[in-house]
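Shown next, in structure tokens, is the structure this report addresses.
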Amino acid sequence: MPRFLTGTRTGLLASVVAAALATTAAGPTTAATAAPKPDVRFVAHLDIADGQRPENITLEPGGSAVVTFAYSRQVARIHPDGRVHVLATLPQPPAGADTPALSSPFLGGIVRAHDGTLYFLYATGSSDLTGLWRLRPGGAPQRIAALPADGLPNGLALDRHEGRLYVADSVLGTVWRVPVTGGTPTRWAAAPELAAAGFLGANGIKIHNGAVWVSNLDKGTVLRIPVTRYGTAGPVETRATGLIDIDDFAFTGRGDTLLAAINADNEVALVRPGGSHTVVLTGADGLENPTSLAVRGNTAYIASGAYFTNNDPNLLAARINPAQ
């Protein structure tokens, strides 16, 4: 989720969200305004006029990616040849519903289980729709856990071994835990490090090496929260700083090196285990406000929502060194 850049961010929030929702019949100004590196390629240029602004991404075994289109309330599959197939459209919230921090309904994090079941987050500001949703292959979307309507469930991570889902709430500064079967969420972690500092706090979230990792957009940090032997949250550790506007992130391999999407700056940064970081991709490679990443083998897939550029939402593939 992007940070809306302004000296009085809340004052201009409505206009920025309106711009993100605005249709642009012309689409991308050119299909190749960027000159990407030789190891970077476009998988798809998405249809901005049709609201195809990807917020989060998960990968499928056959080479496709499944994304959430944040403000069109859609879950869609992007095939390796760039074709887009809408899998589900979430219900329109009731009149008068106001999504915290964003005003408009927001479709956020998505993950995929081994059996093809998709889990994703929907925030509307209304108690009847906000929460964790499930889409089984060939089925219809179903809410399986309600989350607080005054929050903004954003990032989502799946612990396949334990059968649990972890939710990063950007407004309430909370990590929720929900069984994959659904039910009542547990407030798993609510530390000051997860809180917002003006707009959005806890954002991206991953399960990695015995811990829950979370990014904080406002504070520009990457946090590690150990999972204790009892399943509770251990003390929060700050693993990286200076990454203001960090959205989602993904680990490059078994170690703690990760790639971070820096939304407003059109950058992807390589963050090393000690916290130092280097920009490895920019707008010149085709990034347009990157929102999320997923890694498979030696390829990173980066989704761009074009929330500020308002030009060419897209999906990129970049070769990486998985041993990092």
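Values in this text are rule-based calculations from the coordinates and carry no lab data. Predicted, not measured: the structure shown is a model, and the values here were computed from it. Glycine gets a Cβ as well: all are built from the backbone with ideal geometry, and neighbour counts include every protein chain shown.
Starting from the Cα gyration tensor of segment 207-320, take the square roots of the eigenvalues, sort them a ≥ b ≥ c, and report rounded, prolate or oblate (rounded when a/c is under 1.5, otherwise prolate if a/b is larger than b/c, else oblate). Since a/c reaches 1.5 and a/b is larger than b/c, the shape of segment 207-320 is classed as prolate.
Start at zero, step by 10 Å, and the Cα-Cα distances of the chain spread as 6, 30, 39, 22, 3, 0 percent across the bins.
Taken along its principal axes, the alpha carbon cloud of segment 90-241 reaches lengths of 40, 37, 21 Å, longest axis first.
Work out how much length SER276 to ARG296 would gain on full extension: take 0.36 nm times their residue separation and subtract the Cα-Cα distance, in nm to one decimal.
Values: separation 20, 0.36 × 20 = 7.20 nm, distance 2.32 nm.
Taking SER276 through ARG296 to full extension adds about 4.9 nm, to one decimal.
If you average the sequence gap of Cα pairs under 8 Å that are 6 or more apart and divide by the length of the chain, what percent do you get for the contact order?
Details: 914 pairs, mean separation 52.6, N = 324.
Here the relative contact order equals 16 percent.
Considering only ALA65, ALA88, ALA306, the mean-square fluctuation computed in a Gaussian network model of the chain, springs between alpha carbons under 10 angstrom, is largest for ALA88. Rounded to the nearest 500, the 222 nm mean residue ellipticity of the chain from helices alone is -1500 deg cm²/dmol, with -39,500 (n - 2.57) taken per DSSP H run of at least 4 residues.
For ASP47, ASP39, ASP312, which order do you get if you count the other beta carbons within 10 Å of each Cβ and list the fewest first? Write out the running numbers ahead of the final one.
Working: ASP47 16, ASP39 12, ASP312 23.
The order, fewest Cβ neighbours first, is ASP39, ASP47, ASP312.
Across segment 246-262, computed HN-Hα scalar couplings (Karplus, 6.51 cos²θ - 1.76 cosθ + 1.60, θ = phi - 60°) run 5, 9, 8, 7, 8, 7, 8, x, 6, x, 9, 6, 9, 9, 10, 8, 9 Hz from first to last residue, x flagging Gly and Pro.
Counting every pair of alpha carbons in segment 182-271, the share spaced more than 19 Å apart comes to 38 percent.
Model label sites at ALA191 and ASP50, defined 7 Å from Cα along the beta-carbon direction, differ in position by 4.3 nm.
Under unit Cβ charges (Lys, Arg +1; Asp, Glu -1), what dipole magnitude, rounded to 20 debye, does the chain have relative to its Cα centre? Before the final figure, lay out the partial values.
Values: 25 positive and 25 negative charges, 155 e Å.
Dipole size: approximately 740 debye.
Mind listing P(r) for segment 41-175? All alpha-carbon pairs, 5 Å bins, whole percents. Result returned by the calculation: 2, 11, 21, 24, 20, 13, 7, 2, 0.
With both labels modelled 7 Å from their Cα along Cα-to-Cβ, the ARG229 to HIS161 distance reads 1.5 nm.
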